[in-house]
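Written out below as structure tokens is the structure these notes cover.
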Amino acid sequence: MKRHLLFSWVLVVSLMLVGIPASANGQDAQAEPEEEKPLAGWDNGFYIKSKDDQFKMKINGRVQTKFETQKISGLQKPAGGRATLPADTFSDSFSLRRGRIQTMGTLFGKVDWVTILTATTRSTTADPRIDFWGWATYNVAPSFMITTGVIQLPMDRMGENSSAWLLTIEPGLTATQSDGVKDLTIARDSFGLPLDLGLRIDGDVGKYFSYALGASNGGSFRNLNANNELSYGGRLQFNVLGDAVPFKETDFDWSEKPRLSIGAGTGWEDHDAADENTPAVTRRWSWSSSGDLAFRWRGFSLNSEAYYRILKLSASTVEDTNADRKLKDIGYYASAGYYVIPHKLELSLLASQIFREGPDNNGNEFGGGINWYIHKNNVKFQLDYTNVLDYDDVAGLNNATYHRVRAMFSTFL
């Protein structure tokens with residue numbers, strides 16, 4: 001009996017001794033902490049955040065340097081004189097198209113904020129300008145946001161696009177640039193609504209529909225609302241195949257499934273300002289509408305948009321051919337791109353036209369280019385050519401043809 005008890009005791013103790021390391025190893029495996037994500041580092045910018053992801057801040061920026069050479073030829077129409085043919089003129093220039101430092105972040109997991117300090121030159125001149133602005137977005141729900149600050153009034157797809165993802169160095173002449181310049185054409189403003197201080201809401205209705213509505217000062221975000229008038233804009237988008245087309249002109253993301261989005265928008269601007277060509281006439285208001293289409297699939301991108309606008313004047317001008325104190329303009333742009341080497345080499349085409357009320361008063365632009373993505377979209381080189389024909393019967397301005405060759409080197413942090 002004693003032998004049996006001794007044998008049992010030895011067996012139990014042996015099993016316990018064998019089990020202790022196994023149990024300890026199991027505890028160690030369970031107790032081994034998961035690898036924590038870094039709270040600071042680099043992700044398209046320097047970032048820092050809290051452990052619970054409720055608070056974040058990122059600093060990034062961009063530098064875009066541009067070279068442009070152009071040949072100008074055409075008929076000069078001096079006031080009260082005969083049309084004369086000047087010699088062809090050439091111009092070459094380097095410019096800092098955009099230099100930007102940007103901070104952004106999240107507060108309490110609900111509020112996103114952005115501040116931007118930027119130095120820019122115009123799309124048509126080398127005149128520099130420095131601006132500082134920002135906005136804050138309250139994410140009420142995953143499909144509903146409220147933004148206040150310097151906003152882009154919604155109306156057209158081009159107004160929502162980022163300049164970091166354009167197919168050509170500059171958009172077509174129908175566009176209002178992100179720096180607020182509207183003088184790409186001679187006689188009258190291009191299409192689109194400007195950046196300004198205001199309020200905007202964005203939302204989704206399921207995966208097929210999205211909308212945006214906004215109101216702003218309608219003057220300039222660098223000044224008070226001098227005329228006490230507001231501007232309004234709205235846009236509705238239908239994602240035909242379920243997935244929305246991002247607000248990028250290119251398909252760098254390489255959409256494995258086709259994406260198709262169709263949009264429509266409208267906007268009202270209160271100007272109450274002197275006409276640029278006839279200072280004795282006041283521009284009362286303008287109403288613009290647009291319809292757009294965007295398609296993406298495996299490196300191919302297609303963008304198109306059509307515009308219609310009515311500009312109300314206080315009196316008739318030489319452009320007011322209907323003598324109704326309203327100027328009616330229509331226009332369109334279309335751009336296409338394709339990656340001959342995925343994520344590296346892209347070819348692009350551009351067509352854009354504006355048909356303004358008034359004699360000999362239109363604008364055309366056609367061209368194309370090549371984009372080399374040196375390191376993703378963080379470092380890239382773009383080269384393009386556009387042929388621009390500006391026809392303008394306003395005394396003292398050119399009927400000119402512009403042959404423009406542009407190159408731009410971009411670095412995005």
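Numbers at a glance
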{"read-out": "Equivalent ellipsoid semi-axes, segment 292-357, via Cα gyration tensor eigenvalues times 5, rooted, Å", "value": "39, 10, 7"}
{"read-out": "Range of Cα positions in segment 281-328 per principal axis (Å), largest first", "value": "52, 18, 12"}
{"read-out": "Gap separating the Cα centres of segment 346-366 and segment 235-302, nearest whole Å", "value": "16 Å"}
{"read-out": "Over segment 264-407 - Rg/Rh using Cα atoms and the Kirkwood inverse-distance radius", "value": "1.08"}
{"read-out": "Relative frequency of Cα-Cα separations exceeding 22 Å in segment 186-342, percent", "value": "53 percent"}
{"read-out": "Local electrostatic count at Leu213 - Lys and Arg +1, Asp and Glu -1, tallied over other residues with Cβ under 12 Å", "value": "+1"}
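Values in this text are rule-based calculations from the coordinates and carry no lab data. What you see is a predicted model; the values in this text were computed from it and never measured. Counting neighbours? That spans all protein chains shown, and the Cβs are built from the backbone with ideal geometry, glycine included.
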